[in-house]
Amino acid sequence: MLVVMKKGATQVEIDAVVSGIEKRGCIARPIPGGERVAICVLHNDGPVDASAFLQIPGVKEAIPVTRPYKLASRESQASDTVIDVGGVRIGNGHLTIIAGPCAIESETQALAIARIVKKAGAQIFRGGAYKPRTSPYAFQGLGDEGLKILAKVRLETGMPVVTEAIDHEVFEMVEQYADIVQIGARNMQNFSLLRRAGKSRKPVLLKRGLAATIEEWLMAAEYVMEGGNDQVILCERGVRTFAHHSRNTLDLSAVPVVRQESHLPVIVDPSHAAGIRDQVIPLSRAAVAVGCHGLMVEVHHAPETALSDGAQSLYPAQFDDMCRQIGPIFGVCKMSTNGCG
Ligand code: PEP
Ligand code: MN
């Protein structure tokens, strides 16, 4: 249930609602809104009796929240969440471009690619320091050294950086260096990692699991939010299907559905969806047209030599093209009253 306060409700009135919720053995989570405060009731075993709350002064209404993902749901927050990462905004009205290599391979490589993507229009730099690889024999990333290189990239280019925390063990270190902590597709239902991300004060980029439904994905976001971190960015990166023409199948229909269901920003990673460079630009155009809030794309200055995911990494000139092409498409989307949603 969501207890919505009247405009101008006093702190004493809000506190009365909070203690009423806590007296029932539930958790009260105030959600600050532009005009009025709403208080979400969490951890209730059954339906909560609304009438008791309606008698408290300052309460406007009590609305049932029907979705299992309460905090992530539009029912608890009608307006879009916009996340500010070092001055770069992700969410409503913005198209944020995140680009960089799959993995940080060296300082020279990272800086060269960072300069290229920034010039073309990227606002945030990506690069894995710790890599979740299918094969234990594949390049596992530079680890802490990669994080230090990311910090240099931020210092030199001014771009915030996003990198993955592959497990609990490295979370703290990643959190110290990254501006956004990525939770990878394979970890979408690693609940202890999600709880750890919930304690973080850094925004979390939550990738959709390889075979996750939208409900499971939003429930994963709920874990992070329930822990106290409401800065979650969802990332559609393709799901496993019978298709052989691409690495995964990019589920673009997820974008409008998530935008309807949730107030959280949703971005698209066409690189891991496609697995093949030639599909990345057309899928990026389509992702923008369908209303995503941003793209995360792998780019490499010399993809033939890349230590991971070279086949799906764009050449610099291709990334430049991509950035040029998506601008007008986003312009058309902005003409729609709900930004293509
Ligand atoms: C990545 O973005 O570096 C990555 C490993 O992607 P995913 O978790 O979507 O496979
Ligand atoms: Mn990759």
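The table that follows gives values for the structure above.
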read-out	value
The listed residue being modelled with pLDDT of 95 or more, at positive phi and within 16 Å of ligand 2 (Cβ to nearest atom), out of G100, G58	G100
Condition broken by E304, with the remaining ones in (1) within 16 Å of ligand 2 (Cβ to nearest atom); (2) buried (at least 24 other Cβ atoms within 10 Å of the Cβ) satisfied	(2)
Counted residues, segment 171-198 - those being open to solvent by 20 Å² or more (accessible area, probe 1.4 Å) and part of a helix (DSSP H, G or I)	11
Filter pass, L218 being within 15 Å of ligand 2 (Cβ to nearest atom), within 12 Å of the chain's Cα centre (by Cα) and in contact (Cβ under 8 Å) with a residue 40 or more places away in the chain	no
Residue check for K131: of a type in the set (K, R), within 27 Å of H301 (Cα to Cα), within 15 Å of ligand 1 (Cβ to nearest atom) and modelled with pLDDT of 95 or more	yes
Qualifying residues in segment 243-292 (those that are away from ligand 2 (no atom under 16 Å from the Cβ) and polar (S, T, N, Q)) - the one nearest to the chain's Cα centre (by Cα)	S262
Condition met for K152 (surrounded by fewer than 24 Cβ atoms within 10 Å (Cβ to Cβ), out of contact with any Ser or Thr (no Cβ under 8 Å at 6 or more places or on another chain) and on the phi < 0 side of the Ramachandran plot)	yes
Count of residues meeting criterion [closer than 12 Å to L2 by Cα and open to solvent by less than 30 Å² (accessible area, probe 1.4 Å)] in segment 26-40	5
Restricting segment 199-231 to residues that are outside any loop (DSSP other than H, G, I, E, B) and touching an Asp or Glu at 6+ places or on another chain (Cβ under 9 Å), the residue that is most open to solvent (accessible area, probe 1.4 Å)	E215
Long-range neighbours under 6 Å by Cβ, at least six apart or interchain, first residue free of Cβ contacts under 8 Å to residues at least 60 places away in the same chain within segment 84-105, second open to solvent by less than 40 Å² (accessible area, probe 1.4 Å) and not in a strand (DSSP E or B)	I104/A110; I104/G127; I104/A129; I104/G146; I104/I149
Every residue from segment 105-130 that is more than 16 Å from ligand 2 (Cβ to nearest atom), in contact with a helix residue (DSSP H, G or I) (Cβ under 9 Å, 6 or more places away or on another chain) and β-branched (V, I, T)	I116
Residues of segment 131-149 satisfying the condition of being in a loop (DSSP other than H, G, I, E, B) and within 16 Å of ligand 2 (Cβ to nearest atom)	K131, P132, R133, T134, S135, A138, F139, Q140, G141, L142
Selected residue [within 13 Å of ligand 1 (Cβ to nearest atom) and at pLDDT 95 or above] from I267, I276, I214	I267
Unmet requirement for A185, which otherwise passes all of (1) small (G, A, S); (2) within 18 Å of R126 (Cβ to Cβ); (3) away from ligand 1 (no atom under 13 Å from the Cβ)	(3)
Pairs where the first residue, in segment 116-133, is closer than 12 Å to L295 by Cα and the second is within 8 Å of ligand 1 (Cβ to nearest atom), C-beta under 7 Å, 6+ apart	R126/M296
Enumerated strands (runs of 3 or more DSSP E) restricted to segment 41-127, each holding at least 3 residues that are surrounded by fewer than 18 Cβ atoms within 10 Å (Cβ to Cβ) and not polar (S, T, N, Q)	59-63
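The values are calculated or read from the model by the stated rules, or taken from the named source; none is laboratory data. Keep in mind that what you see is a predicted model, and the values were worked out from it rather than measured. For neighbour counting, all protein chains shown are included, and Cβ atoms are generated from backbone atoms with ideal geometry for every residue, glycine included. Please note that ligands, DNA and RNA were not included when accessible areas were found on the heavy atoms of the full protein model with its side chains. Shrake-Rupley method; radii C 1.70, N 1.55, O 1.52, S 1.80 Å.
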